[in-house]
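A.B. asks: Got a structure here, written out as structure tokens. Questions coming.
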Amino acid sequence: MQTLTSVFEMQTLAEDLRSKGQIVGLVPTMGALHEGHLSLIRIAAERADSVVVSIFVNPTQFGPNEDFNRYPRELESDLEKCREAGASVVFAPNAEELYPKGYSTYVVEEFIGKPLEGVSRPNHFRGVTTIVAKLFNIVRPDFAVFGQKDAQQVAVIKKMVNDLHFMVDIVTAPTLRDPDGLALSSRNRHLTNTQRQEALALHRALQKAKSMVESGEYRSDRLVAEATHLLGEHRRIRIIYTSIVDRCTMEPVRDVIPGKAIMAIAAWVDEVRLIDNIIL
Ligand code: AMP
């Protein structure tokens, strides 16, 4: 496995791989890798000749009061995990390499990124689309894998790919969870045991909504009311949103069409911000 830090080296290698006719898969990450990330790498390795994992804590997708400085960084152990999961290249540039002094170009998707995360994190998706577009240009992958855990991110990126004619297939990977249901996240490490117990309510609320849909309750307001009620029983949890939206457009839906809508939740568990979702 090769580890590269410069754009030039990565572009040169990418050209080389393409000229050999290799299928290249990209897995963009911010590091602090857990089994969820590794499942993406394994999915990529099944379809690609070469899997490139990018590890970059992207400053432009964090708001001024968010946890950019506190975000965990552990490159050495990440490299080992990438190797074991089947990556052939890790691209781990520093911030100056991707955003040199005077950097001034951004990619903005203007519709799908507006609700949900876009409300409380106004420039978040501008940072995401910008970094992903840059990575697509640097790595020139045939496909890239993203987690359903960040459902709105997947929808925004698919739209960007379509609108800007990137020749990259977007593969969506299912959310990996701990056995008790908590979605794996690099931020879970900030949870104490008590907070972690409370955080389980997110998945329980989502599951409750899904089971209600399976029993024939399609009215979003009823489903949201039940989920809100369940979350409300936990005093450490403050709901940021609980919404039922179309899984492609992120527009609110009044009545669920099974398979086409998701319930998405964002909540504070004390000072840790968590998101999760389920396909209804
Ligand atoms: P991050 O490092 O948090 O930016 O995540 C990198 C990629 O891993 C994104 O595509 C995420 O959606 C995905 N991911 C994060 N957590 C999980 C999980 N629990 N299961 C599957 N994919 C995940």
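A.B. asks: Measure nothing fancy, just the Cα-based angle from helix 220-232's long axis to the longest principal axis of the chain, in degrees from 0 to 90, nearest 10.
C.D. replies: So the inclination is approximately 90 degrees.
A.B. asks: Out of all DSSP beta bridges with both ends in the chain, state the antiparallel percent to the nearest 5.
C.D. replies: 50 percent
A.B. asks: In what sequence, highest mean first, do 50-58, 228-236 appear when ranked by Cβ atoms within 10 angstrom?
C.D. replies: The most tightly packed comes first, giving 50-58, 228-236.
A.B. asks: Mind running the shape call on the stretch 1-46? Use the C-alpha gyration tensor, a ≥ b ≥ c as the square roots of the eigenvalues: rounded below 1.5 for a/c, prolate if a/b tops b/c, oblate otherwise. Write down the numbers at each step before the final one.
C.D. replies: On the way: a/c = 3.21, a/b = 1.47, b/c = 2.18.
Because a/c hits 1.5 or more and a/b fails to exceed b/c, the stretch 1-46 counts as oblate.
A.B. asks: Over the stretch 129-201, consider all pairs of different Cα atoms and compute the Kirkwood hydrodynamic radius from their mean reciprocal separation; express it in Å, one decimal.
C.D. replies: Across the stretch 129-201, the inverse of the average 1/r is 14.1 Å.
A.B. asks: Across bins of 5 angstrom width beginning at 0, how are the C-alpha pair distances of the chain distributed, in whole percent?
C.D. replies: For the chain, the binned pair fractions read 1, 6, 12, 16, 18, 17, 13, 9, 5, 2, 1, 0 percent.
A.B. asks: Specify the angular offset, from 0 to 90 degrees and rounded to the nearest 10, of the alpha carbon long axis of helix 35-47 from the longest principal axis of the alpha carbons in the chain.
C.D. replies: In the chain, helix 35-47 runs at an angle near 50 degrees to the longest axis.
A.B. asks: Classify the stretch 85-124 from the C-alpha gyration tensor, please: rounded if a/c falls under 1.5, else prolate or oblate depending on whether a/b exceeds b/c. All intermediate terms of the calculation are to be shown ahead of the outcome.
C.D. replies: Values: a/c = 2.93, a/b = 1.44, b/c = 2.04.
Oblate.
A.B. asks: Can you compute the equivalent ellipsoid semi-axes for the stretch 36-99, i.e. the square root of 5 times each eigenvalue of the Cα gyration tensor, sorted largest first and rounded to whole Å?
C.D. replies: 25, 12, 11
A.B. asks: Just need the relative contact order of the stretch 205-255 here, percent rounded to a whole number, with Cα pairs under 8 Å and 6+ apart.
C.D. replies: Taking the mean separation of contacting Cα pairs over the length of the stretch 205-255, I get 35 percent.
A.B. asks: Here's a follow-up. Would you mind checking the tilt of helix 7-19 against the longest principal axis of the Cα atoms of the chain, expressed as 0 to 90 degrees and rounded to 10?
C.D. replies: Orientation of helix 7-19: about 80 degrees from the principal axis.
A.B. asks: Return a whole-number percent for the relative contact order of the stretch 135-267, with Cα pairs under 8 Å and 6 or more residues apart as the contact set.
C.D. replies: 19 percent
A.B. asks: Over the chain, average the accessible area per residue using a 1.4 Å probe and give it in Å², no decimals. Can you show the working numbers first?
C.D. replies: Numbers: 13380 Å² over 280 residues.
Result: 48 Å² of accessible area for each residue.
A.B. asks: Which whole-number percent gives the relative contact order of the chain, counting Cα pairs below 8 Å spaced six or more residues apart? The partial results should precede the final answer.
C.D. replies: Values: 504 pairs, mean separation 47.3, N = 280.
Here the relative contact order equals 17 percent.
A.B. asks: Is the shape of the stretch 202-252 best called rounded, prolate or oblate, per the rule: a/c under 1.5 gives rounded, else a/b larger than b/c gives prolate, else oblate, with a ≥ b ≥ c the square roots of the Cα gyration tensor eigenvalues?
C.D. replies: Taking the square roots of the gyration eigenvalues as a ≥ b ≥ c, the stretch 202-252 is oblate.
A.B. asks: Further question on the same structure: Limiting things to C-alpha atoms, what are the Rg and the maximum Cα-Cα separation (Dmax) for the stretch 151-280, in angstroms?
C.D. replies: Cα radius of gyration and Dmax of the stretch 151-280 are 15.3, 47 Å respectively.
The values are calculated or read from the model by the stated rules, or taken from the named source; none is laboratory data. Please read all numbers here as calculations on a predicted model, not as lab measurements. Neighbour counts are summed over all protein chains in view; Cβ atoms, including those assigned to glycine, are modelled from backbone coordinates with ideal geometry. With ligands, DNA and RNA removed, areas are computed over all heavy atoms of the protein, side chains included. Shrake-Rupley method; radii C 1.70, N 1.55, O 1.52, S 1.80 Å.
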